[in-house]
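**Student:** Below you'll find the structure I mean.
Throughout, read-outs are computed from the coordinates displayed, never taken from laboratory work. Everything quoted here is computed from the prediction, not taken from an experiment. In this analysis, Cβ positions are derived from the backbone assuming ideal geometry, glycine residues included, and neighbour counts consider all displayed protein chains.
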Amino acid sequence: MSRIKSIAFLLLVATLALAACGGGAADEKADCAPNCEYTDMVFCYPQLGAESDWRTANTASFKENAADLGVRLLFSDAQQKQENQISAMRACIQQEVDVIGLPPVVEDGWEAVLTEAQDAGIPVIIVDRSVTADASLYASHIGSDMVVEGQRSADEMNKLLPDGGKVVELSGTTGSGAAVGRAEGFRMNLNDNIEIIDSQTGNFTTAEGKPVMEAFLSKYGDEIDGAFIHNDNMAIGAVEAMKAAGLQPGDIVIVSVDGTRGGFQLMIDGWVQADVECNPLLGPQVYEMALRLMNGESIEREVLTNETVYYPDEAGDLLPTRKY
Ligand code: AHR
């Protein structure tokens, strides 16, 4: 064999070996049912982004538990862009993964890629936020009941403003199941004597939450009695704006959502009066459901996380025990 031919051959072998590795997902999707184990599983998780401490904890839950269980995890970060999530899902479908867990950045627009996964025989578990696609296109949804979180937030606001008042809303990502559900639940339970005077998105980030609160303060001044803030990271940004405007803790009562360490610190410092829990530690449950799917077992169509509300008087004791 000439030198050029042997180099070409070596390149071909290397390419095939790489292809075999890439298609390892397919190879590892052994015909193991009904005795599949976690070490048989190739799991795709096209994470929606890294916008909040909640999201960081959610990512860690999937990565750490995959390592502990021996699951092969194909992880990607879509940077809050639906098109990136869809591309990542398509790459996973091509690699013939066993199961896809999809935390959808927004509710709408998933029909096409969910159909592609279904046609390829790959079950999808919707994680965290919901989708509007028909439930026949995915195996299950596991996450928080965002409407209930909004209702709990309104119940807390009702207690904080018993004589009524004016509130502003810092909403999460527009079109996301979390923002839509929380907004809906809040309006369902809010007392008639409390008026929502404005609602703007802060996209679930500290950086975008701060200017939204700055704008509210310059527009409404001391008209604002309360703020419903859809997550702790935006609450951190909002409090920065309130401090800069010379406000003191309690001048505007705040109900936030998540129950992160940052939210607990805001309660300890007196800025947040109630923090509605949203639990990001979903990895173990989702992997268990995925394994059951691989083994041909049926799983629940919807699994809603059990959650609570946290208050300032317990925040100091609980903060050291918080995992996120
Ligand atoms: O979907 C869950 C929400 O997304 C959390 O409340 C928020 O912090 C995150 O970005």
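**Student:** Measure nothing but the geometry: give the 0 to 90° angle between the long axis through the Cα atoms of 177-189 and the longest principal axis through the Cα atoms of the chain, rounded to 10°.
**Tutor:** Orientation of helix 177-189: about 30 degrees from the principal axis.
**Student:** Follow-up question, since we're still on this one. Would you order E169, E223, E240 from fewest to most other beta-carbon atoms within 10 Å of each residue's own beta-carbon?
**Tutor:** Going from least to most buried by this count: E223, E240, E169.
**Student:** Report ³J(HN,Hα) in whole Hz for each residue of the stretch 48-63, in order, from the Karplus equation J = 6.51 cos²θ - 1.76 cosθ + 1.60 where θ = phi - 60°; Gly and Pro get x.
**Tutor:** The phi angles translate into 6, x, 9, 6, 8, 5, 4, 5, 4, 5, 5, 4, 4, 4, 6, 5 Hz.
**Student:** Between 0 and 90 degrees, rounded to the nearest ten: what's the tilt of helix 146-160 against the longest Cα principal axis of the chain?
**Tutor:** Orientation of helix 146-160: about 20 degrees from the principal axis.
**Student:** Next up: Given an 8 Å cut-off on Cα distances and at least 6 residues of separation, report the relative contact order of the stretch 153-195 as a percent.
**Tutor:** This gives 61 percent for the stretch 153-195.
**Student:** For the stretch 242-263 and the stretch 126-199, what is the separation of their Cα centres, given in Å?
**Tutor:** 19
**Student:** How large is ³J(HN,Hα) for each residue in the stretch 251-265, as worked out from phi by the Karplus curve 6.51 cos²θ - 1.76 cosθ + 1.60 (θ = phi - 60°), to whole Hz, x for Gly and Pro?
**Tutor:** 4, 10, 6, 10, 10, 10, 10, 2, x, 7, 4, x, x, 4, 5
**Student:** Around S199, which amide H atoms from residues at least 5 apart in sequence, or from another chain, sit under 5 Å from its own amide H, with H modelled in the peptide plane?
**Tutor:** E169
**Student:** Sticking with this one: Can you list the residues, at least 5 places off or on another chain, whose amide H is less than 5 Å from the amide H of E277, using H built in the peptide plane?
**Tutor:** So E277 has HN proximity to D258, T308, V309, Y310.
**Student:** Measuring from label point to label point, each 7 Å out along Cα→Cβ, what is the E307 to A112 span in nm?
**Tutor:** 3.1
**Student:** Determine the relative contact order of the chain: mean sequence separation of Cα pairs under 8 Å and six or more apart, normalised by residue count, in whole percent.
**Tutor:** After rounding, I find 17 percent.
**Student:** From the cross-link list K159/K210; K219/K323; K81/K219; K81/K243, which pairs have alpha carbons spaced over 28 Å apart?
**Tutor:** Distance filter (> 28 Å) returns K219/K323; K81/K219; K81/K243.
**Student:** What angle do you read, to the nearest 10 degrees and between 0 and 90, between the alpha-carbon axis of helix 3-22 and the longest principal axis of the chain?
**Tutor:** Tilt relative to the chain: about 50 degrees.
**Student:** Viscosity 0.890 mPa s, temperature 25 °C: give me the Stokes-Einstein translational D for the stretch 162-251 in µm²/s, with Rh taken as the Kirkwood radius over C-alpha pairs.
**Tutor:** Stokes-Einstein gives a translational diffusion coefficient of 187 µm²/s.
**Student:** Which whole-number percent gives the relative contact order of the stretch 133-246, counting Cα pairs below 8 Å spaced six or more residues apart?
**Tutor:** Relative contact order of the stretch 133-246: 30 percent.
**Student:** Any chance you could tell me what percent of the C-alpha pair distances in the chain go past 33 Å?
**Tutor:** That fraction is 34 percent.
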